[in-house]
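The values are calculated or read from the model by the stated rules, or taken from the named source; none is laboratory data. Keep in mind that this is a model prediction, so the values were computed, not measured. Methodologically, a virtual Cβ is constructed for each residue, glycine included, from the backbone with ideal geometry; neighbour enumeration extends over all protein chains shown. What goes into the accessible areas is simple: the full protein's heavy atoms, side chains included, and nothing from ligands, DNA or RNA. Shrake-Rupley method; radii C 1.70, N 1.55, O 1.52, S 1.80 Å.
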Amino acid sequence: MTEETLLAKNYKKYEGENIDIYFNLEVCEHSGKCVKGDNEVFDTERKPWIMPLASHTERIQEVIKTCPSGALKYKLKDSDEILP
Ligand code: SF4
């Protein structure tokens with residue numbers, strides 16, 4: 001999957017220094033795993049609600065892998081691969 005494909009599917013991009021995060025509200029199941037997993041990066045009380053903090057790069061990848069719906073994806077800056 002490419003970034004173009006994700007954006008065409010209505011994913012929104014949240015750009016960070018080391019990692020970019022993509023999110024699609026239409027796909028989200030509101031399980032809250034992201035918010036519980038890292039509340040400094042994912043905070044629905046804040047705008048923007050996703051902040052891809054450089055110091056949380058490892059944690060962000062772990063948390064996004066627990067998203068049950070596929071609403072969250074990420075891409076490391078030094079890679080073209082969109083995961084998971
Ligand atoms: S973990 Fe995924 S499905 Fe659950 S609230 Fe976050 S984005 Fe939505």
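Rounded to the nearest 10 square angstrom, D78 shows an accessible area of 140 square angstrom against a 1.4 Å probe.
Extents of the chain, largest first, come to 28, 28, 22 Å (Cα atoms, principal axes, whole angstrom).
The label point for N18 and the one for S31, both projected 7 Å from the Cα toward the Cβ, are 2.5 nm apart. Estimated from helices alone, the mean residue ellipticity of the chain at 222 nm is -6000 deg cm²/dmol (sum of -39500 (n - 2.57) over DSSP H runs with n ≥ 4, per residue). When you filter the chymotrypsin sites (Phe, Trp or Tyr not before Pro) in the stretch 3-84 for DSSP loop state and at most 16 other Cβ atoms inside 10 Å of their Cβ, you are left with W49.
Determine the per residue accessible area of the chain with all protein chains present and a 1.4 angstrom probe, expressed in square angstrom.
On the way: 5130 Å² over 84 residues.
Here the residues of the chain average 61 Å² of exposed surface.
For L83, the accessible area of its heavy atoms, probed at 1.4 Å with every protein chain present, is near 50 square angstrom.
When the Gaussian network model of the chain links Cα atoms closer than 10 Å, the mean-square fluctuations of G32, G70, G16 top out at G32. Ordered by solvent-accessible area of protein heavy atoms (1.4 Å probe), largest first, the residues S31, S55 come out as S55, S31. Please report, as a whole percent, how much of the solvent-accessible surface of the chain comes from carbon and sulfur atoms (probe radius 1.4 Å). Accessible surface attributable to carbon and sulfur in the chain totals 49 percent. Maximal additional length on extending the N10-N39 stretch stands at 8.1 nm, based on 0.36 nm per residue less the C-alpha distance.
Test of the criteria: in the stretch 26-59, which trypsin sites (Lys or Arg not before Pro) are in a DSSP loop and have at most 12 other Cβ atoms within 10 angstrom of their Cβ? Numbers along the way, then the final one.
Numbers: sites: K33, K36, R46, R59; in loops: R46.
Here the trypsin sites (Lys or Arg not before Pro) that fit, given the DSSP loop and packing criteria, are R46.
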